[in-house]
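A short write-up of the structure that comes next.
The values are calculated or read from the model by the stated rules, or taken from the named source; none is laboratory data. These numbers come from a predicted model, not from an experiment. Every residue, glycine as well, gets a Cβ built from its backbone with ideal geometry; the counts of neighbours run over all protein chains shown. In case anyone asks, the SASA skips ligands and DNA or RNA and just uses the protein heavy atoms, side chains included. Shrake-Rupley method; radii C 1.70, N 1.55, O 1.52, S 1.80 Å.
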Amino acid sequence: MTRPPTAAQRRVIDAADPVTGRLRGTESQLAALVKRELAFRHPRPPHDHFLTPAGHRIREETATPAASSPEAAEPAQEPARESSGVFAARIGGEEGIDFGPSRIREVHSAWQGLLELRRMTNPHGVVDRPCAWERTHLVQAAALALEAAGHRPAGADTEGYRVRATPQPEAVAVRGPDAGALRECAATLEQAGWQVGEHTEPRTGARYLLASPRRI
């Protein structure tokens, strides 16, 4: 059984950038994380270190859990909450949603960081399809793509998109206030490298999107 990271290594992991996984630490700490396959050293200058998917999982052991209910795409599911000081894409349903300039800058920076993570970790550096981090953070990844494109997330009492986990592997459900908004969300996700299909909720007849990260 793999030994858990030391306290010092855990602090380095916990301090990683929440989107790109970029690490800061001593050379010995970073080398130890690479040896444990919790981090990798980028081959191109400046040779920064980044968390692997396994490293991200370690980091999230103490983080606020995202929405991962096994229930089917239900609009009443409780959304993920944002930890203090840590960026989190709006999945819809949060209270007190900020649409101000500072939030717009944060979202833009997070999206650019995610594109850079794709470039660094996808084969051949392609940025037109999701990377491993997105496949292990489906709800947050899809929500970030939508928010970065300017779509409005639903608030506690306002309409907008809602992204939720589903029982299907590598798939999220996206709901919108109307058919037009749903089509716009579908176009955004497809452009961001997701496969999208429109479905009907059997019980209510409501339309929703089922989106999965595209592999090729």
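The modelled label-to-label distance between E198 and S109, using points 7 Å beyond Cα along the C-beta direction, is 3.7 nm.
Between A31 and F99, the modelled label-to-label distance comes to 5.2 nm, taking each label 7 Å out from Cα in the direction of the beta carbon. Suppose a student asked you for the relative contact order of the chain, using Cα pairs under 8 Å spaced at least 6 residues apart; what percent would you report? Relative contact order of the chain: 17 percent. Per-residue ellipticity at 222 nm computed for the chain from its helices equals -10000 deg cm²/dmol, with DSSP H segments shorter than 4 residues left out and the rest contributing -39,500 (n - 2.57). With R₀ fixed at 41 Å, the C-beta to C-beta distance from H124 to D157 puts the FRET efficiency at about 0.35.
Expressed per residue, the C-alpha convex hull volume of the chain stands at 133 Å³. Of all segments of the chain bounded by trypsin sites (Lys or Arg not before Pro) found in a DSSP loop with no more than 14 other C-beta atoms within 10 Å, the longest spans 82-202.
Take every DSSP beta bridge whose two residues both sit in the chain; close to 90 percent of them are antiparallel.
The accessible area of H199, taken with all protein chains in place and a 1.4 Å probe, comes to roughly 70 Å².
Each Lys and Arg contributes +1 and each Asp and Glu -1, all at the Cβ; summed about the Cα centre of the range 132-216, the dipole is approximately 200 debye. For the chain, give the percent of accessible area contributed by carbon and sulfur heavy atoms, probe 1.4 Å, rounded to a whole number. Solvent-exposed carbon and sulfur of the chain make up 53 percent of the total. Loop-located GluC sites (Glu not before Pro) in the range 166-216 (DSSP state not H, G, I, E or B) with no more than 16 neighbouring Cβ atoms inside 10 Å: E170.
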